[in-house]
Amino acid sequence: MTTVTHTTFEAPAARTHERELAALQHEHGGALFAYLLRLTDGDRQRAEDLVQETFVRVWQHPEALRSDYGSIRPWLFTVARRLAIDARRARRARPAEVGDAVLEHSKVAADHAERSAATLDVREAVRTLSPEHRAVLHQVYFRGASVAEAAAVLGIPVGTVKSRAYYALRALRRVLPGYATDLR
């Protein structure tokens, strides 16, 4: 026995007509551009791109034009704001691009061997501190605790945590003179 399957195709999604889109652009484009220009800190190109992307969304969602609300402007501005936020997040997630001129003048990062040697130097220097000073540094700098949290964990007053941290760092600066700028 042979089974016959029928494939159904969905109708293409409805789109906003060009005339409606042009009318919306004419009516709301200037205000939308000004709004996005403020959101992009004056970056005209980015604001123009976001205006265009906003109207692409209008084109993709004609149902927004037929809503029960009196004006489409609030919907347009909400879409534009969300697009601007998404674009800003995307830019922050990517590393910044740099040109050759910037690379020529940039500081060369220490290699793995130098970092390892520095780590060993710092460990040795921390071992020279008193147990009380080491405990405070461990809480505040290595575990990232606040002064109040370190005081609670160590069972000492907040002022004692502050003074021990100060004197511990001062002692480390004397033991590690080449690293003094890193310990501030």
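The values are calculated or read from the model by the stated rules, or taken from the named source; none is laboratory data. All values reported here derive from a predicted model rather than from experimental measurement. Every residue, glycine among them, receives a Cβ derived from its backbone with ideal geometry; neighbour counts consider all protein chains shown. SASA here: full protein model, heavy atoms, side chains in, ligands and nucleic acids out. Shrake-Rupley method; radii C 1.70, N 1.55, O 1.52, S 1.80 Å.
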Requested in this report: Can you send over the solvent-accessible area of His112, 1.4 Å probe, protein chains only, in Å² to the nearest 10?
Outcome: 130 Å²
Report task. Kindly write out, for the range 117-122 in residue order, the coupling ³J(HN,Hα) from the Karplus curve 6.51 cos²θ - 1.76 cosθ + 1.60 (θ = phi - 60°), rounded to whole Hz, with x marking Gly and Pro. Result -> 5, 5, 4, 5, 4, 5
Query - Inter-site label distance for Ile156 and Arg143 at 7 Å from Cα along Cβ, in nm - result: 1.3 nm
**Report entry** Where labels lie 7 Å past Cα in the beta-carbon direction, separation of Glu27 and Arg174 in nm
**Finding:** 7.7 nm
Query raised in the report: Simple spin-label model, 7 Å along Cα-to-Cβ: Arg81 to Arg127 in nm?
Result: 5.8 nm
Query - Neighbour net charge for Gln139 - beta-carbon separation under 15 angstrom, K R +1, D E -1 - result: +2
Query raised in the report: All other residues with a Cβ under 14 Å from the Cβ of Val153 taken together, and with Lys, Arg as +1 and Asp, Glu as -1, what is their net charge?
Result: +1
